[in-house]
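Taking it in order: structure first as structure tokens, then the write-up.
The values are calculated or read from the model by the stated rules, or taken from the named source; none is laboratory data. This structure is a prediction, so every number in the text was calculated from the model and none was measured. Ideal geometry is used to build each Cβ from the backbone, glycine not excepted, and the neighbour counts take in all protein chains shown.
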Amino acid sequence: MQIHQVLPALSYGDAASNHAIEIMGILRGSGYSSNIYAKYIHPKVSKFAKPLDIYKKNASNTVIYHLSLAGLDVSDFVIRLPDMKVLIYHNVTPHHYFKGINDTLYDLCKRGREELKLFEGITKLALGVSEYSRRELEQYGFKDTGVLPIILDYTKYAIQPDEKTMRAYATSDYVNLLFVGRIAPNKRIDNLIKIFYYHKKINLKSRLFIVGSYEGMENHFARLQELVKKLGLTDVVFTGLVDFEELIAYYRMADVFICMSEHEGFCVPLLESMYFSIPIIAYNATAVPYTLANCGVLVNEKRYDEIAEMVQLLITDKGLRKRIIEVQNERLKDFEWPKLGEQLRKYIEQLNNSTETVELPLKHKFAKYPLVSIVICTYNRAHYLERCIKSLKKQTYPNFEIIVVNGPSTDGTNHVLNSYSEIRVVSQEKLNGLSFARNLGINASNGEIIAFIDDDSIADENWIAYLVEGYTDESIGGIGGPVFDITGNWHQFKNGYVSKAGISSFIHENDLKYNDPNGRFFNYLMGTNSSFKKDVLYEVGLFDRIIKYYLDETDICVRVIKSGYKIKHIDNAIICHEMTEGHNRKSPYDLNWTEIMKNVIYFTLKNFRSEFLSYTFRPVQSLFWWLKYFIPPYLNKDISLKQLFGIYLKLVKGAMKGYKDGIKVRETKNNFANITTPDEKIKLKICFLSQEFAKNCNGGVCRYTYDLAHALAELGNEVHVITKSERNREYEYRDGDVFVHKIVPEPMDFLGLSEDMYIAKKNLSYSYSACLKLLELIDKFGIQIVEGPLWDGEGFVFSLVNPIPLFIRLETPLFKVAEIQGWYITKDLKLVNWMEGETLRGAEKAIAISEDIGTVISNHHNIAQEKIELCPLGIEIPDESLLSRDKKKKVLDVLFVGRLEKRKGVETLFKAIPIVLEKVPDAQFHIVGKDTNLASNGGSYREFLLQNMDKKYHKNVQFVGYVADNELNDFYRNCDIFVAPSLYESFGLIYLEAMAWGKAVIGCDAGGVPEIVEDGGTGILIPPEDENALAGAIIKLKDEKLRAKMGEKGRKKVKNAFSNKIMAESTYKIYTTLLQ
């Protein structure tokens, strides 16, 4: 009996590949003829495998197929084999982890789970590499299942470690924490770094080794490096891909192995750690608890500080460490080579004793003949339609259906269709354009491939067969062939391509393969000889109904290419086309030129909206090309001067309409309007503008944008953020479930603004670059909603274009800041103020974070109140268990948080401090916030404050500066009173944060603060710039019971009205209400 294994790729160092090699050794040792066959074979393991294309199928053979990603054509090959099939399922990482990070892996993982379904019903036995994987097989409907863990040959680990690596690290007295695995989002290496951050506080002499390749994960890797930098960490070592001897060295040096991965099919490094007697701490998810069983330390919650303490305990508590290693060693015995070899042999005997055969399901018997739906759109062309149908009836391809979208025709079309009962007919009540009719045909189809042919065309008998044959791999989205005239003597179309200006080139000898999404030209198909994968058509949003005639198929080809697929030209799929007169084509020079020209301009603006030339040069180029096109016919007297001017008038009219439609186009790949179920929770695609975006950031806009973006993503929406790059280059990464796009502002020197207009120039530059990136994301991802802050007019340029709804969130505006700070109003500030107003006027809605700011903005910028929606901000609320203070303090701890500037009322606080200290001499004031150079003398605000305070009070004041969130939380936790005497706050996140920590707060009765702080209930409100009232409030709150009562009430208020979830749900409701 022959038992062979098949893999899409036999790789070096890959768990599935090593598993296959060990299985082959066991099978050969048991007397079976056994080989490994793979499509791709790494040179280092080439001695273990043979090329897949030499595999000889045999119904008496058994083939074991390893599935961990989509095998694509390899999976298809195995499915069609007559051999008895065994599936080994290594588990497929959920594809959402790779969205926006690695498109290839996203697709392979998504398709991998789709392929898994195909093996159900055709495999004799399905084995998971863990109990977790086996249970997943059951969920997919597999009947006969079992577990065959990854087989490791531990003798291979008994080698000398790499000397260079050992010399570099082993001689130091550092503690070494280790993780082994590829750099991938599901591995949650960011969690490891945060654990290490806390461990560094316990043990400065600690080091974190992260051993694994980051190939294909460069953006994610950059994000991890950025996290290391932000946390100020040293001793984090990313090794990249290592040789086996180097891997041994890292295991030999490790003191603790940590795994926070959220998805594992088995997790080989756990066994390797057991072998090297390294205690393990792992997150309790997917296959990890099944692999560890009762050994190691499993954590159910990622409390980084507590895990860091456990790490230290495993290092310092020798008894505990010894017990854990002993249990791990016992567990390792379950994975010994002889034991697993015997388990495999039992499964083979089970197959040998079985007499039941597995019948290949019908869906697989005909898998090589996918159903093709042929769509014909017709209107009053009965004779031509019947001729077309007769040519389709002669097709050699065995598996197709015909769908006719009719008119509404008034000639003999219905009579023709009645004679073909097998044809599915879709009747229109009125003409809605060719794109609309084609979409009706697509929606009525059952096929995997949709082919289009015009009613005045004749198909070669092998037309469909050659089209299907052309779909050789998953990258191909559409295929078409040449179009001849009805005599077959000359080409109307062959290997055509189109420019970004919508100018087509029809006939070329060879396929020029213009399939680069960022290229200058794009392959396209002529509508009467075109085919597309149905799922690709739905992915790109079907035909655009705005394009009723001309460039309709070109537009969809460009969208297919820009979505990452290819449009392929083949020479043998032939159509002959008569170009019959119709309602759009009365004669060669009497066409619907207005519609044609409109579509050309619209095509450019819609598909290349992120490019400046699409709004300037290209529309002019297109119009000039068409105007020039009719000069030869006029000179040859094919048309009269009157006809020429008539055509020119229609072209200009069409160009103007196309520009208008293109600027305002709202139809995207996932148009909201296509969603018709009112009760369904609609998943939106949202993009935020915020010049800063990080968990730990200084400004209010950054803080609420970060929280809101993540909260909306948790509700199931796709969220993107455009923010300023700090690296002088553009890059992208994923922050949890949020996609972040870093941009570099482009100078707008062509506007001719003088140097003293630097604020306006800066804001325009950023707004322009943000607009370009937005247009790119709309085109690439189908963004439906854009939200930006009022501050700095980030959405100004986009509001002038505004292809999708723009929402502006209202916070303290420039004019209010200037008023409070006492700035001189320059031309620069006037222009910036005007930009803020114009941004609001161009937006669909303004979202006020307080009633006060809504009124202020409405009055100043003359914005109608109906345009303004109220949505207070929210915050992340700390858990009750975190509220207790680090230690009991005898002094009164007063906390201020905010930038050091006049608007924050810090001068009022410093005038109040001496008054307070006269009554409460041991009071301590912590000033947390970034220093500025906004003092009245133009220097440091911190120095200015100290200079104007008697030195005897300096010892009671501590300037902390800017701190990260975790440190800020410590200040909130340990303070007694929170003080922020701002002269004006549009909202005041800092009050919410302090209240959430159960603190009594003091603020000013100004702006949006009274909407948060209940005077006498959750805190005390005082008049702005009243140091006596402030001092009195602080002294009053020396009463511990009063503070506790206010703090409890404040925390309850925040939980009930100001959480991140409430903010996200309110925002979502505002978005969807407008869209619906």
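Here is how the numbers come out for the structure above:
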| read-out | value |
| --- | --- |
| Residue match in segment 792-802 (condition: within 20 Å of H720 (Cβ to Cβ) and either in contact with a Pro (Cβ under 6 Å, 6 or more places away or on another chain) or among the acidic types (D, E) (or both)) | yes |
| Scan of segment 19-65 for residues that are modelled with pLDDT under 90 and hydrophobic (A, V, I, L, M, F, W, C), ordered by number | A59 |
| Residues of segment 410-438 satisfying the condition of being surrounded by 15 or more Cβ atoms within 10 Å (Cβ to Cβ), among the polar types (S, T, N, Q) and within 17 Å of I546 (Cβ to Cβ) | S435 |
| Enumeration of residues in segment 414-433 that are touching a strand residue (DSSP E or B) at 6+ places or on another chain (Cβ under 7 Å), not in a loop (DSSP other than H, G, I, E, B) and not β-branched (V, I, T) | L417, R424, S427 |
| Qualifying positions in segment 879-910 - assigned to a loop (DSSP other than H, G, I, E, B), under 34 Å from the mean Cα position of the chain (by Cα) and at pLDDT below 90 | D879, R899 |
| Among residues of segment 966-1003, those that are part of a helix (DSSP H, G or I), in contact with a helix residue (DSSP H, G or I) (Cβ under 9 Å, 6 or more places away or on another chain) and of a type in the set (D, E), counted | 1 |
| Flag if S277 is modelled with pLDDT of 95 or more and under 28 Å from Y733 (Cβ atoms) | no |
| From the options E246, E264, residue that is in contact (Cβ under 8 Å) with a residue 60 or more places away in the chain and in contact with a Pro (Cβ under 8 Å, 6 or more places away or on another chain) | E246 |
| Positions within segment 203-226 being aliphatic (A, V, I, L, M) and modelled with pLDDT of 95 or more, in sequence order | L208, I210, V211, L224 |
| Qualifying residue in segment 291-300 (condition: within 39 Å of the chain's Cα centre (by Cα) and assigned to a helix (DSSP H, G or I)) | yes |
| Options F815, F807, F781; residue that is at pLDDT below 90, farther than 19 Å from Y984 by Cα, among the aromatic types (F, W, Y) and surrounded by fewer than 23 Cβ atoms within 10 Å (Cβ to Cβ) | F781 |
| Residues (closer than 13 Å to E869 by Cβ and at pLDDT below 90) located in segment 1040-1076 | T1072, T1073, L1074 |
| Matching strands (runs of 3 or more DSSP E) fully within segment 454-540 where at least 1 residues are crowded, with 23+ Cβ neighbours inside 10 Å and modelled with pLDDT under 90 | none |
| Which numbered condition E746 fails, given (1) modelled with pLDDT of 90 or more; (2) in contact with a Phe, Trp or Tyr (Cβ under 8 Å, 6 or more places away or on another chain) | (1) |
| Matching entry among K695, K742 (being under 22 Å from the mean Cα position of the chain (by Cα), assigned to a loop (DSSP other than H, G, I, E, B) and surrounded by fewer than 23 Cβ atoms within 10 Å (Cβ to Cβ)) | K695 |
| Single residue of segment 439-453 satisfying the filter (part of a loop (DSSP other than H, G, I, E, B) and among the hydrophobic types (A, V, I, L, M, F, W, C)) that is surrounded by the most Cβ atoms within 10 Å (Cβ to Cβ) | I453 |
| So L831, is it crowded, with 17+ Cβ neighbours inside 10 Å, under 24 Å from Y768 (Cα atoms), free of Cβ contacts under 8 Å to residues at least 40 places away in the same chain and not small (G, A, S) | no |
| So A760, is it in a helix (DSSP H, G or I) and at pLDDT below 90 | yes |
| V963, sole failed condition from (1) under 24 Å from P872 (Cβ atoms); (2) out of contact with any helix residue (DSSP H, G or I) (no Cβ under 6 Å at 6 or more places or on another chain) | (1) |
| Near pairs, Cβ below 6 angstrom, 6+ apart or cross-chain, from segment 704-716 (within 12 Å of A694 (Cβ to Cβ)) to any residue that is among the hydroxyl-bearing types (S, T, Y) | T705/S690 |
| Condition check for F238: modelled with pLDDT of 95 or more, under 26 Å from the mean Cα position of the chain (by Cα) and part of a strand (DSSP E or B) | yes |
| Residue in segment 158-166 that is surrounded by fewer than 20 Cβ atoms within 10 Å (Cβ to Cβ), farther than 30 Å from L224 by Cα and either outside the structural domain of P269 (by TED's automatic domain parsing) or without any contact (Cβ under 8 Å) to a residue 24 or more places away in the chain (or both) present | yes |
| Residue within segment 128-138 that is surrounded by fewer than 21 Cβ atoms within 10 Å (Cβ to Cβ), at pLDDT below 95 and touching a Lys or Arg at 6+ places or on another chain (Cβ under 8 Å) present | no |
| Single match in T123, T93 (criterion: surrounded by 21 or more Cβ atoms within 10 Å (Cβ to Cβ) and either of a type in the set (G, A, S) or within 22 Å of I348 (Cα to Cα) (or both)) | T123 |
| Subset of segment 1039-1053 [within 16 Å of C975 (Cβ to Cβ) and either in contact with a helix residue (DSSP H, G or I) (Cβ under 7 Å, 6 or more places away or on another chain) or part of a helix (DSSP H, G or I) (or both)] | E1040, L1042, R1043, A1044, M1046, G1047, E1048, G1050, R1051 |
| Test: residue in segment 765-773 that is in a strand (DSSP E or B), not aliphatic (A, V, I, L, M) and not assigned by TED's automatic domain parsing to the domain that holds V963 | no |
| Any hit, segment 987-998, residues being surrounded by fewer than 24 Cβ atoms within 10 Å (Cβ to Cβ), over 29 Å from P813 (Cβ atoms) and small (G, A, S) | yes |
| Filter pass, K606 being assigned to a loop (DSSP other than H, G, I, E, B) and modelled with pLDDT under 90 | no |
